[in-house]
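Nothing in this text is a laboratory measurement; each read-out follows from the coordinates by a stated rule. Since the model is a prediction, treat every value here as computed from it, not as a measurement. In this analysis, Cβ positions are derived from the backbone assuming ideal geometry, glycine residues included, and neighbour counts consider all displayed protein chains.
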Amino acid sequence: MKERRIVVTGLGVIAPNGIGKDAFWHALKEGQSGIKRVKRFDTSQFKSKLAGEIDNFSPAVFLGHKGLRDLERTSRLLCSAAKLAIEDAGLSINHDNTDDIGVCTGTTLSSLWNFAQFDKETIQEGPLFTNVALFPGTVMNAASSQVSIRFNIQGFNTTISNGYSSSIDALKYAIDFIKLRRIKAVLVGGVESLSLVNYSGFYRLGFFAGINGEEVSCPFDKRRNGIILGEGAAVVIIEDEEYARSRNARIYAEVNGIGNCFEAYKMGKYHPGANGLKESIKEALRTSGIGPSDIDYISASANSVREQDRLETMAIKGVFGKYAYNIPVSSIKSMIGETFSAGGLFQISASIGSMYKGFIPPTINYEMTDEDCDLDYVANKSRLTRINNVLINNYGPGGSNAAFILSKGH
Amino acid sequence: MSKNYEEEIRNMVSDILEIPAEKLTPDADFFRDLNIDSLKAIEIVAAFEKKYRIIIPEQDIPKIRNLRQVVEYTAPLKKETHI
């Protein structure tokens, strides 16, 4: 059976530095950061004060007022991004095609706050007097399910929740569904929302920038000392190429190779060999049908954590050898922060802009070189160039690794 | 039954159902006229229980189908609790 080609036809982004694809792409091209002082909760007890918080987001603009009451913040973010993606793809969801469309979402921390709120009420008010309206939002798959409900999508709905690489793993799951001819189009999403609970968790684990050094997201820079947390949602619509062409959809890019690998090691520690990421990149290349020298740009997972950025550099050199020095590598996390499970989808959304608009987003805040990180990081200023193939890396200290190659649509 | 209490109930229910308070007439049937689902019905019941610290027996819930019945049913319970 001939393997199906899969294409990206729509995109919706609610990012800390831009709402909507055009604003997001513009911000990336200009090197504009969405990282600022947190407004949503009090950070006075933390040494860290910053986050990639979305503070100008009005869900009613995208979703109307009706039904908003039932949507907690993560669902509002994801549903808004989904709405933008559906419109962008010109996809009309109706009785004839609804069973052929699925939803697959990467998210891990998103329900923590809702769960904490429900739990707090149970303890404070007593188990018979909890606010039942909070309960549906306590589950991990709440946001993904709300997308299907709101847009009447009757195909499969799955949430992938495995930390840093969740949204690329969600993409892989969706790709497999299309290749197996079980579905024709999938809304692939990534979402995380910022809350006091996840801020506190990462802070207490010592993962934040500002605890031991300057509070700045500066991937690959020698000053790097931790993440700045970000939030947001991104949704791309991927489709079987035949289906996309049958409805005359605009094709942004082709889904090319993809690889993922779980590298079991110590909890919260990076494997010193970064073998998982290397294997994922090799698998992505092997399944893409293109060679290493065809990669025009690497969208890095580097998040300003000392080990993460060093190991990613090492993994890139391990796979590409000396050719690694010819490939521009940049991290958009310098501008949006570490959005955890949504990170991969933001990188994809940015990379579509790179192909479509012909630029490589910069790694901003880059000032001090580090001998361990010696590749071309597109420091501080975007670079205008033609991009045909992008490698997107996605990994973290949790053991999950993924790599994905996006290629320009024919 | 005080007018204030009726207003309070109307506002609480209209907030949950996301319809303007003036549209919530005393006899509009929640299910037939306002098209609410069972989750919303539970939410209305739970909101009462929480606000007035009362427990509404499950067998009574289907009997409460409009605003008038909500007010008539809950007013005496509220008195009992001396809130």
Taking a ≥ b ≥ c as the square roots of the Cα gyration tensor eigenvalues, with a/c under 1.5 meaning rounded and otherwise prolate when a/b beats b/c or oblate if not, region A:7-246 comes out oblate
With the 8 Å Cα cutoff and a minimum separation of six or more residues, chain B has a relative contact order in percent of 34
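Evaluate 2.2 N^0.38 Å with N set to the residue count of region A:111-255, then give the Cα radius of gyration divided by it.
Region A:111-255 yields a ratio of 1.35.
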In nanometres, the difference between 0.36 nm per residue of separation and the alpha-carbon distance of A:D22 and A:N152 is 44.1 nm
Mean separation of Cα contacts under 8 Å (at least 6 apart) over the residue count of region A:280-410, i.e. the relative contact order in percent, is 32
Phi angles of region A:19-34, converted by Karplus (6.51 cos²θ - 1.76 cosθ + 1.60, θ = phi - 60°) into ³J(HN,Hα) in whole Hz with x for Gly and Pro, give 9, x, 4, 5, 5, 5, 4, 4, 4, 5, 5, 8, x, 8, 8, x
Burial-style ranking of A:40-50, A:164-174, A:349-359, average other-beta-carbon count within 10 Å with highest first, yields A:164-174, A:349-359, A:40-50
Here the whole-number average of other chain Cβ atoms within 10 Å per Cβ of B:66-74 is 0
In whole angstrom, the spacing between the Cα centers of region A:176-195 and region A:36-90 equals 20
Heads up, region B:3-80 by the C-alpha gyration tensor (a ≥ b ≥ c square roots of eigenvalues; a/c under 1.5 rounded, else a/b over b/c prolate, else oblate) looks oblate
Quick shape check on region A:258-408: root eigenvalues a ≥ b ≥ c of the Cα gyration tensor, a/c under 1.5 is rounded, otherwise prolate if a/b tops b/c, else oblate, and it reads rounded
Dividing the mean separation of Cα pairs under 8 Å (6+ apart) by the residue count of chain A yields a relative contact order in percent of 23
Within 10 Å of the Cβ of an average residue in B:52-61, the count of other chain Cβ atoms is 1
One point scatterer per Cα, no solvent, Debye formula: log10 I(q)/I(0) for region A:292-380 at q = 0.15, 0.17, 0.18, 0.23 Å⁻¹ comes out as -0.53, -0.69, -0.78, -1.29
Counting only residues 5 or more apart in sequence or on a different chain, those whose built amide H sits under 5 Å from that of A:L229 are A:G52, A:E338
Cα-based Debye curve of chain A sampled at q = 0.09, 0.10, 0.13 Å⁻¹ gives log₁₀ I(q)/I(0) of -0.48, -0.60, -1.04
Expected integer from the mean partner chain Cβ neighbour count at 10 Å over B:36-45 is 2
